[in-house]
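Down below is the structure, laid out as structure tokens.
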Amino acid sequence: MSDIKLEKFCSTNRSMGERPPDYPNGWIPVLESQDLKPNQTKPVSAFGYELVVFRGPSGAVHVIDAFCPHLGAHLGIAAKVGKGRCGNDCITCPFHGWQFRASDGQCTLIPNLNDNEINTINAKLTVWRCIERNDVIYVWHHYDGADPHWEPDIISQIEDKQWQCVARTEYSIDCHIQEIEENWTDMAHFPAVHVPLFYPYDQLSWWQDLLQRSISFNIRTNWTTVNEPEPYNAMASIDALTTVFGYDTWAMNFQFKQVGPATLVISYESPLAGGVSGALIQYVNPVAPNKLRFILRNYCSQGFRSRIFAKVLNYFELFMIERDMIIWNNKRFIKTARYTKLDRPIVKFRRWYSQFYADKNYNVLDW
Ligand code: FES
Ligand SMILES: [Fe+2]
């Protein structure tokens with residue numbers, strides 16, 4: 001789909017109505033590892049904050065508040081990263097040269113002041129907990145400042161480099177983060193949004209109309225349950241079947257794993273082309289109210305056939321996501337949704353997802 005079409009279907013001035021808190025608690029993906037070299041800084045916006053992510057000479061990643069406590073310079077722009085006085089990772093403000101220790105944010109050096117004077121000033125940066133996992137840098141966000149009680153799962157094929165990232169796509173989407181995360185449990189939308197070859201807004205030519213009636217994607221879903229030992233994970237198994245002229249042709253099983261509030265791992269294994277495996281991973285950063293940064297990374301096993309397979313899959317994935325985006329960019333939450341029996345998985349998911357909201361009194365199903 002072209003950008004023009006997406007713009008056409010994006011309403012930016014709609015009222016958002018009542019909705020859940022804008023930023024869930026948990027590990028929020030803010031940057032891809034490939035975008036941060038040693039001694040480099042990157043400004044990022046996440047859950048309403050301006051942050052700076054930097055990689056020290058040790059290779060470790062650190063995340064701090066963006067603005068220097070002295071006179072407010074932005075530490076993501078022209079700041080210097082290196083080994084500080086104590087020999088550990090430090091960041092030096094570009095404005096007056098104050099130096100801060102990465103581990104706790106303490107100011108350890110102010111040019112032309114002695115240690116006593118520096119200690120008296122006791123300047124400190126806010127340091128955010130972060131973790132680098134599966135090629136992505138996450139920051140822990142918790143409304144009440146609580147410590148992390150879980151971590152995103154390690155995907156060994158990514159960490160061990162058995163899988164390679166063959167495609168990555170980024171979108172800016174205007175909706176609440178939960179709209180995206182719950183989409184895969186919304187069974188009733190699959191036949192309307194994802195099964196037809198062409199979407200209803202398309203003006204079909206005769207041959208498109210013929211194709212539309214000949215080919216369809218049937219999606220059967222088995223949404224299981226929250227994985228009890230790991231309550232921050234939710235799982236589903238989805239079978240996608242392509243039908244041509246009424247005949248079933250290509251069946252593919254996808255394992256969906258929601259990891260916390262902002263990561264969805266869709267993994268597959270197929271005997272086609274000698275056996276290929278991989279995963280499509282969706283990362284969502286709620287940058288500001290109703291503003292999301294959505295990144296899709298597509299991994300596959302080594303080999304030419306696997307790459308081709310993954311690229312084709314990526315094409316169809318984007319095709320489907322852009323259909324969802326037309327809905328996401330224009331919808332709003334309804335305070336009292338009219339659920340039917342078909343919506344049971346989405347109701348279950350909403351209950352599960354409410355664990356990521358700080359306000360425990362928030363009635364997640366009373367929208
Ligand atoms: S503003 Fe950062 S050292 Fe002055
Ligand atoms: Fe969808």
ask   = TYR357: under 21 Å from GLU18 (Cβ atoms), among the hydroxyl-bearing types (Ser, Thr, Tyr) and in contact (Cβ under 8 Å) with a residue 12 or more places away in the chain, yes or no?
value = yes
key: Odd one out for ASN116, checked against (1) in a loop (DSSP other than H, G, I, E, B); (2) more than 14 Å from ligand 1 (Cβ to nearest atom)   = (1)
task = Could you identify the single residue in LEU313, LEU342 that is buried (at least 21 other Cβ atoms within 10 Å of the Cβ), at pLDDT below 90, within 16 Å of ligand 2 (Cβ to nearest atom) and not in a strand (DSSP E or B)?
result = LEU313
inquiry  = I want to confirm something. Restricting to the range 94-105 and keeping residues that are more than 10 Å from ligand 1 (Cβ to nearest atom) and surrounded by fewer than 18 Cβ atoms within 10 Å (Cβ to Cβ), which single residue is nearest to PHE54 (Cα to Cα)?
reply    = SER103
inquiry  = Take the residues in the range 188-199 that are at pLDDT 85 or above and either more than 10 Å from ligand 2 (Cβ to nearest atom) or of a type in the set (Val, Ile, Thr) (or both); name whichever of them is surrounded by the most Cβ atoms within 10 Å (Cβ to Cβ).
reply    = VAL193
ask   = Looking at the range 132-155, is at least one residue more than 16 Å from ligand 1 (Cβ to nearest atom), free of Cβ contacts under 8 Å to residues at least 60 places away in the same chain, outside any strand (DSSP E or B) and surrounded by 15 or more Cβ atoms within 10 Å (Cβ to Cβ)?
value = no
ask   = Are any of the residues in the range 36-49 β-branched (Val, Ile, Thr) and exposed (fewer than 15 other Cβ atoms within 10 Å of the Cβ)?
value = no
task = Taking VAL81 as the residue in question, decide whether it is in contact (Cβ under 8 Å) with a residue 60 or more places away in the chain and assigned to a strand (DSSP E or B).
result = no
key: Residue satisfying all of: in the range 294-310; farther than 24 Å from LEU31 by Cα and small (Gly, Ala, Ser); nearest to ligand 2 (Cβ to nearest atom) among these   = SER306
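The values are calculated or read from the model by the stated rules, or taken from the named source; none is laboratory data. For clarity, every value in this text was computed on a predicted model and none was experimentally measured. In this analysis, Cβ positions are derived from the backbone assuming ideal geometry, glycine residues included, and neighbour counts consider all displayed protein chains.
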